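K.L.:
Dropping a structure here in structure tokens format, bear with me for questions.
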Amino acid sequence: MLEYSVKSGTPEKQRSGCLIVAVFEGRKLSPAARLIDQAANGALASLLRRGDLEGRLGQSLLVHSLPAVPAERVLLIGAGKERELHESRFRELTAKAATILKGLGASEAMSYLTELDIKGRDTVWKLRQTVEINEATLYRFDQMKSKPAEDKTRCKRLTLSVPKRSDLVPGELAVREGLAIAAGVRLARDLGNLPGNVCTPTYLADRARQLGEEQKIQVSVHDEHELRELGMGSFLSVSLGSRQPPKLIVLQYRGAGEHEPPVALVGKGLTFDAGGISIKPAANMDEMKYDMCGAASVLGAMQAAAMLKLPINVVGVIPSSENLPDGNANKPGDIVTSMSGQTIEILNTDAEGRLILCDALTYTERFKPAVVVDIATLTGACVIALGKHASGLLANHEPLARELLAAGKYTHDRAWQLPLWDDYQKQLDSNFADMANVGGREGGTITAACFLARYTKAFKWAHLDIAGTAWLTGKEKGATGRPVPLLTQFLIERSRKHGAPAETAGAADAA
Ligand code: BES
Ligand code: MN
Ligand code: ZN
């Protein structure tokens, strides 16, 4: 983790190991680059005329010891066409600068990229993004290597420039929010990347307890015996096919008054999903260790809320299990009784997420939540529909859906809404039980949500299907930590609107 500070000051006077400034296409200097150039008597401009940097996005040039400029280095980052500098380009060039910074000899740097004009985004937004992106760039997962590579990053401190002195206070709060989100993302990525033989339901429960010791979060864990007493026949049926005992992990963060109804976050915690008797094909099955990323995002967002001391109450509910084919495993055609009393015909044992979530959702009723959001790597169909860029969002309450969409937009951790119309419900009809656990190939993400909707009638509820967004595949295989930014932003906004006046910086996205 870098140490961040916020400063307002002109670049050509900064004593820094490295100043980071932008150059637009056509070698057009950004305002900060121009000030440096003027102090250095046009040395930057004449360097660019030699043709080393056009200013295209992705380009960069490191310049040492400019005359009359106290900074040791100036890092020029290509920013593309000035008029086209929007949100995702800003993120790209910030990531580019962060990657280069990692490899430099400078122990400290100051970025002026935070002063670039981004349509519809203020300084606070740019600072938060910068912190999150720098931390994500520094992330490594090598705790399972016998010899972790030594950390060669020299840079320890990053100063973020703001245009006005009046930006300093909101800027510092933005840094704190960025750091809390980054820490939540890191926790979620670590848990996701851990292999299934380490990250079991018991491990997740222990990690949640540890979080309870570090933060003002109360944690309790229900074991198999208690799940039986609660009547969670659906959840238990999934864990029967595994040697690892299931856990229901319950976390409570109380940042608001005790009568303030909590936001409930329910996260799917399948620490490995082999499909059960309806076993999955071998190719890429290792990726099903990521089937607990919903749970990980609940832990990450709750950690962030606690770090920021948000004036809000949050309950986290995490049903955790493995889904394996064993002698006692669910069989296609088996019928189980959920905690709600509704019976389920299990036509495909690989549709297990909804089987553990339905009981966790029923359990959540006891907290009389203001709203409930569940987060789950629920359907492969969602990856087909939306790819890796957007999480699927379905909700029984439009204003809640809009809040989540806006939070995703603001943090660039975006979600896209799909319909939850009753028309789809009949795909879940069963000849033998109250419902089947699968609804055929058509609209697979929607029918999965329709199943959950039968367990969420008592409250305002939204479902995030993160099957496409929780991890990357191929060469960049690894957990993303999504949707921790979306969830944290949602909590920040809610604590501002519904709770006591909060000390937060980010602004709501009006769009
Ligand atoms: N965990 C999977 C969903 C998944 C699959 C996420 C691939 C990411 C990539 C889930 O438990 C599952 O197996 N869903 C089935 C449901 C089907 C049997 C109705 C699926 O999507 O194939
Ligand atoms: Mn499955
Ligand atoms: Zn699954």
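K.L.:
Note the full-extension length gain between Asp142 and Lys81 as 0.36 nm times their separation in residues minus their Cα-Cα distance, in nm to one decimal.
P.N.:
Stretched out fully, the Asp142 to Lys81 stretch lengthens by 18.1 nm.
K.L.:
In whole Hz and in residue order, list the ³J(HN,Hα) couplings for the range 49-60 that follow from phi through the Karplus curve 6.51 cos²θ - 1.76 cosθ + 1.60, θ = phi - 60°; x for Gly and Pro.
P.N.:
4, 5, x, 7, 8, 7, x, 6, 4, x, 7, 7
K.L.:
Kirkwood hydrodynamic radius, computed over distinct alpha-carbon pairs, for the range 367-511: how many Å, to one decimal?
P.N.:
One over the average 1/r among Cα pairs gives 16.2 Å for the range 367-511.
K.L.:
Hey, another quick one. With a Förster radius of 41 Å, plug the Cβ-Cβ distance of His259 and Lys164 into 1/(1 + (r/R0)^6) and report the FRET value to the nearest 0.05.
P.N.:
Calculated value: 0.50.
K.L.:
Once amide H atoms are built 1.01 Å from N in the peptide plane, which residues 5 or more positions from Ser60, or in another chain, come under 5 Å H to H?
P.N.:
Gly78
K.L.:
Amide H of Val371: which non-local residues (sequence gap of 5 or more, or other chain) have their own amide H closer than 5 Å, using H built in the peptide plane?
P.N.:
Answer set, sorted by chain and number: Ala264.
K.L.:
Output the Cα-based Rg and Dmax of the chain in Å, rounding Rg to one decimal and Dmax to a whole number.
P.N.:
Rg then Dmax for the chain, in Å: 24.6, 84.
K.L.:
Working only with C-alpha atoms, what are the Rg and Dmax values of the range 280-436, expressed in angstrom?
P.N.:
17.1, 50
K.L.:
How would His389, His64 line up by accessible area, probe 1.4 Å, largest first?
P.N.:
His389, His64
K.L.:
Ordered by residue, what ³J(HN,Hα) values in Hz, to whole numbers, does the range 285-302 give under the Karplus form 6.51 cos²θ - 1.76 cosθ + 1.60, where θ = phi - 60° and Gly and Pro are x?
P.N.:
Karplus values, whole Hz, x for Gly and Pro: 5, 3, 5, 6, 5, 7, 6, 10, 5, x, 4, 4, 6, 5, 5, x, 5, 5.
K.L.:
OK, next. Under a crude label model (7 Å from the Cα following the beta-carbon direction), how far is His397 from Arg243 in nanometres?
P.N.:
Modelled inter-label distance: 4.4 nm.
K.L.:
Report relative contact order for the chain in percent, whole number only (criteria: Cα-Cα under 8 Å, sequence separation at least 6).
P.N.:
14
K.L.:
HN-Hα J couplings of the range 385-399 from phi, Karplus 6.51/-1.76/1.60, θ = phi - 60°, integer Hz, Gly and Pro as x?
P.N.:
Listing the rounded values in order: 6, 10, x, 9, 9, 10, 7, x, 10, 9, 8, 9, 8, 4, x Hz.
K.L.:
Still on this structure, please answer the following. If you place +1 on the Cβ of every Lys and Arg and -1 on the Cβ of every Asp and Glu, how big does the dipole about the Cα centre of the range 143-279 come out, in debye to the nearest 20?
P.N.:
For the range 143-279, the charge dipole is close to 800 debye.
K.L.:
Could you work out [θ]222 nm for the chain from helices alone, using -39500 (n - 2.57) per DSSP H run of at least four and dividing by all its residues? Round to the nearest 500 deg cm²/dmol.
P.N.:
It lands at -11000 deg cm²/dmol.
K.L.:
So how much accessible area does Glu260 have, in Å² to the nearest 10, using a 1.4 Å probe?
P.N.:
For Glu260, the solvent-accessible surface is approximately 70 Å².
K.L.:
Now for a different question. Where in the range 305-330 does the amide nitrogen come within less than 20 Å of the point 7 Å from the Cα of Glu213, taken along Cα to Cβ?
P.N.:
Counting backbone N atoms under 20 Å from the label point, the list is 306-307.
K.L.:
Another question, if that's okay. When only C-alpha pairs under 8 Å and at least 6 residues apart count, what is the relative contact order of the range 153-285, in percent?
P.N.:
Once normalised by length, the contact order is 23 percent.
K.L.:
Tell me, what is the 1.4 Å probe accessible area of Lys331, in Å² to the nearest 10?
P.N.:
Solvent-accessible area, nearest 10 Å²: 110 Å².
K.L.:
To the nearest 10 degrees, how steeply does helix 484-498 sit against the main Cα axis of the chain, on a 0 to 90 scale?
P.N.:
Approximately 90 degrees, to the nearest ten.
K.L.:
Next up: Counting other Cβ atoms within 10 Å of each Cβ, which trypsin sites (Lys or Arg not before Pro) in the range 241-275 have at most 16 and sit in a DSSP loop?
P.N.:
Arg243
K.L.:
Moving on to the next point. In debye, nearest 20: dipole of the chain around its Cα centre with unit charges on the Cβ of K, R (+) and D, E (-)?
P.N.:
1880
K.L.:
Compute the Rg/Rh shape ratio of the range 219-265: radius of gyration over Kirkwood radius, all on alpha-carbon atoms.
P.N.:
Ratio of gyration radius to Kirkwood radius for the range 219-265: 1.11.
K.L.:
Any idea how far apart Met1 and Ile335 come out in nm if each label point goes 7 Å out from Cα toward Cβ?
P.N.:
Distance between label points: 5.3 nm.
K.L.:
Which whole-angstrom value gives the distance between the alpha carbon centres of the range 176-213 and the range 40-79?
P.N.:
First find each Cα centre; the distance between them is then 41 Å.
K.L.:
Simple spin-label model, 7 Å along Cα-to-Cβ: Arg91 to Asp422 in nm?
P.N.:
So the two model labels end up 3.8 nm from each other.
K.L.:
Round to the nearest 10 and give me the degree value, 0 to 90, for the angle of helix 123-138's Cα axis relative to the longest principal axis of the chain.
P.N.:
For helix 123-138, the angle is close to 70 degrees.
K.L.:
Return, for the Cα atoms of the range 364-424, the radius of gyration and Dmax in Å, separated by a comma.
P.N.:
12.7, 36
K.L.:
Moving on to the next point. Hey, can you grab everything whose amide H is under 5 Å from the amide H of Ile20? Only 5+ residues off in sequence or another chain; H modelled, so Pro and N-termini drop out.
P.N.:
Leu75, Met110, Ser111, Tyr112
K.L.:
Under the 0.36 nm per residue contour assumption, what length would be gained going from the current alpha-carbon distance of Ser220 and Lys28 to full extension?
P.N.:
In short, 63.3 nm is gained.
K.L.:
Multiply the residue separation of Asn41 and Lys280 by 0.36 nm, subtract the distance between their alpha-carbon atoms, and state the gained length in nm to one decimal.
P.N.:
Full extension from Asn41 to Lys280 adds 79.5 nm.
K.L.:
Something else: Hey, got a sec? Which GluC sites (Glu not before Pro) in the range 82-184 land in a DSSP loop and have at most 16 other Cβ atoms within 10 Å?
P.N.:
Passing sites in the range 82-184 are Glu150.
The values are calculated or read from the model by the stated rules, or taken from the named source; none is laboratory data. Worth saying up front: this structure is predicted, and the values here are computed from it rather than measured. Quick reminder, even Gly has a Cβ in these numbers, built from the backbone with ideal geometry, and neighbours come from all protein chains shown. Just the protein is used for accessible areas: all its heavy atoms, side chains included, with ligands, DNA and RNA removed. Shrake-Rupley method; radii C 1.70, N 1.55, O 1.52, S 1.80 Å.
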